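J.: Dropping the structure in here first, questions after.
The values are calculated or read from the model by the stated rules, or taken from the named source; none is laboratory data. The structure displayed is predicted, hence computed values, not measured ones. Cβ placement follows ideal geometry from the backbone for every residue including glycine, while neighbour counts extend to all protein chains displayed. Ligands, DNA and RNA are stripped out before the accessible areas are found, and what is left, the full protein with its side chains, is counted by its heavy atoms. Shrake-Rupley method; radii C 1.70, N 1.55, O 1.52, S 1.80 Å.
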Amino acid sequence: MALQHCDFLLTGIRELHTMDAGSVGVIAAADLESLPVIRDAAVAVLDGKVSALGPEPELRSQWQGKEVVDCGGGLLVPGLVDAHTHPAFAAERAEEFDWRAQGLSYLEIAERGGGILSSVRAVRQASEVELTAKVISHFQRMQAHGTVACEAKSGYGLSLEDELKSLRAIRAASTATGMEVFPTFLGAHMVPEEYANQKDQYVELLCQEVLPAVWEQGLARAADVFIEEHAFSLLRAERYLNSARDLGFALRVHSDQFVNVGGTELAVSLGAECVDHLETLSDAGLDALVTSGKTCAGLLPAVPHYLRQDADAPAQKLLKAGVPWFVATDFNPGSCYTASLPEAAHFARIRLKMTALEALAGMTLHAAQSLGAGDRLGRIAPGYEARFTVLDLPDLCHFGYGFGENPARIWCA
Ligand code: NIG
Ligand code: FE
């Protein structure tokens, strides 16, 4: 048979984890073992897409690559997708980390002038060029740990001008680095200082001016709100989410992190793509997620570790109940300062009691699906984009087993 031509033939793959769930978008935890794994595999890539995959001897007898890429005996997995990050920050908050070490809680730190509002001051002071340079460096760190695409939130500007600046910085940094970005507007991250006594007016500003401007300028695909006792109440969140949805935004929500005020039930009722954190998820919230079958549970397992909190999201309950999940870093300067998904996998395994495959599905197949990109990202299958992560590990069981080490690198056509 005549050889077919491709641009790249990837070889030397000890295990190819396709995460190819066939015709279904997401797969139940109980069925993960049925996902195809190919040992001693190769992948043919043409025009930026996967053309074929299979055992290496078979592929070599069928395909001629303009270039042969040796993966060095590593594992090949779909390029990792980080479905929850806050990269648009201009300054770190290392001094807060000392305060935390001294025993202060996240909320006490915020009361001392730290927290989200401290990042807001830094973003407002930064020029767009300066902020873009920071976001570029954040994306590069994520890429260095195996991330090829990420959801990226604004939310440290909290004014029309500074939110637009943040979203433009995210867009420019995406172009500069090649990181694919799913931008999310998070103007409802916190009420800014100048509106401290006029919370409703701030929500009206968001609904009447900022959301429409962001939408018209095509700067974000989704809108997010931090539903929490000290951030946005259920009523204010509902007003904001309805406005966002009416404009056409997809909805992603921070909820049930510290105090449960019913945010998950609200988010599900509005058809949100995901509800993230969930450390204080109630039975009613769990029921809402199960009934929805669509809203994804966004699991951020390094955050309670970082905040020295005991409670974790009830991941095993969610998985057993058939709720789709993703696992993300929540990369931000305050509550989780890591750009590494392999590190998040470690915490998913330790704190959420996940198998390596559950963690991996949460940062490939399910993460891509939650962002509406499950038809081109998140699996290695014919027609899918040729953006992969090589894990330098002996087998998948080692994913998350070690910590403080980086097993990942990206390969993109
Ligand atoms: O997802 N929960 C709200 N927002 C971020 C924290 C951001 C910060 O502290 O700067 C989070 O954890
Ligand atoms: Fe977050």
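J.: Count neighbours as other Cβ atoms within 10 Å of each site's Cβ, and list the GluC sites (Glu not before Pro) in the range 63-128 that are DSSP loop with at most 15 such neighbours.
T.: E92
J.: Compute a Gaussian network model of the chain, connecting alpha carbons closer than 10 Å, and tell me which residue from A272, A297, A196 fluctuates the most.
T.: Of A272, A297, A196, the most mobile in the Gaussian network model is A196.
J.: Out of the range 72-121, which trypsin sites (Lys or Arg not before Pro) are coil in DSSP terms and have no more than 16 other C-beta atoms within 10 Å?
T.: Passing both the DSSP loop test and the Cβ count: R112.
J.: If the cut-off is a Cα-Cα distance under 30 Å, which lysines reach K49, setting aside same-chain residues fewer than 8 apart in sequence?
T.: Correct list for K49: K66, K153, K294.
J.: Hey, another quick one. Across the range 66-78, in residue order, what do the Karplus-derived ³J(HN,Hα) couplings come to in whole Hz, using 6.51 cos²θ - 1.76 cosθ + 1.60 with θ = phi - 60° and x for Gly and Pro?
T.: Karplus values, whole Hz, x for Gly and Pro: 4, 9, 9, 10, 8, 7, x, x, x, 8, 10, 10, x.
J.: Still on this structure, I have one more. Check cross-link reach from K165 to the aspartates and glutamates: straight Cα distance under 18 Å, and skip same-chain residues fewer than eight apart.
T.: Leaving aside aspartates and glutamates fewer than 8 places away in the same chain, those within reach of K165 are E128, E130, E151, E209, E216, D224.
J.: Another question, then. Taking the Cα centre of the range 161-263 as origin, sum charge times position over the Cβ atoms of Lys and Arg (+1) and Asp and Glu (-1), and report the length of that vector in debye to the nearest 20.
T.: Dipole of the range 161-263, to the nearest 20 debye: 340 debye.
J.: Distance cut-off 20 Å, Cα to Cα: go down the list K134/K199; K320/K353; K317/K353 and report the pairs above it.
T.: Those over the limit are K134/K199.
J.: I need the per residue convex hull volume for the range 313-359, using only the alpha carbons, in cubic angstrom as a whole number.
T.: Taking only Cα atoms, the range 313-359 has a hull volume of 72 Å³ per residue.
J.: Can you sort F403, F331, F97 by solvent-accessible area, 1.4 Å probe, largest first?
T.: Result, largest first: F403, F97, F331.
J.: For the range 80-370, count all C-alpha to C-alpha pairs, find those more than 25 Å apart, and express that count as a whole percent of the total.
T.: 41
J.: Follow-up. Might you work out the accessible area of S61 for me, using a 1.4 Å probe with all protein chains in place, and round it to the nearest 10 Å²?
T.: 70
J.: Can you send over the carbon and sulfur percentage of the accessible area for the range 80-370, probe radius 1.4 Å, protein chains only?
T.: 51
J.: Moving to a separate point now. With both partners inside the chain, how many of the DSSP beta bridges are antiparallel, as a percent to the nearest 5?
T.: Taking every DSSP beta bridge within the chain, about 40 percent pair in antiparallel fashion.
J.: DSSP loop trypsin sites (Lys or Arg not before Pro) in the range 230-326 with at most 12 other Cβ atoms within 10 Å of their Cβ, which ones?
T.: Listed in order of number, the matching sites are R308.
J.: Give me the extension gain from A94 to Q201: residue separation times 0.36 nm, minus the current Cα-Cα distance, reported in nm with one decimal.
T.: 35.3 nm is the gain from fully extending A94 to Q201.
J.: When all protein chains stay in place, what accessible area (Å², nearest 10, 1.4 Å probe) is found for C150?
T.: Accessible area of C150: about 0 Å².
J.: OK, next. Which percent, to the nearest 5, of DSSP beta bridges fully inside the range 16-162 are antiparallel?
T.: Here the antiparallel bridges make up roughly 65 percent for the range 16-162.
J.: Sort K165, K134 by accessible area with a 1.4 Å probe, largest first.
T.: Output order, biggest surface exposure first: K134, K165.
J.: Also, I was wondering about something else. Given the protein chains as shown and a 1.4 Å probe, how many square angstrom of L307 are accessible, to the nearest 10?
T.: Approximately 20 Å² for this residue.
J.: Applying the Karplus parametrisation 6.51 cos²θ - 1.76 cosθ + 1.60 with θ = phi - 60° to the phi angles of the range 137-148, what ³J(HN,Hα) value in whole Hz is obtained for each residue in order, glycine and proline being reported as x?
T.: 5, 5, 5, 5, 5, 5, 4, 5, 10, x, 8, 9
J.: Next up: Could you give the accessible area per residue of the chain, probe 1.4 Å, as a whole number in Å²?
T.: Value for the chain: 38 Å² per residue.
J.: Taking H as built 1.01 Å from N, whose amide H comes closer than 5 Å to the amide H of H84, not counting residues under 5 places away?
T.: Here E151, T329, D330 satisfy the definition.
J.: Each residue of the range 245-260 in turn: what ³J(HN,Hα) in whole Hz from Karplus with 6.51, -1.76, 1.60 and θ = phi - 60°, glycine and Pro shown as x?
T.: Whole-Hz 3J(HN,Hα) from phi for the range 245-260: 5, 4, 6, x, 5, 6, 10, 10, 9, 8, 8, 6, 8, 10, 10, 7.
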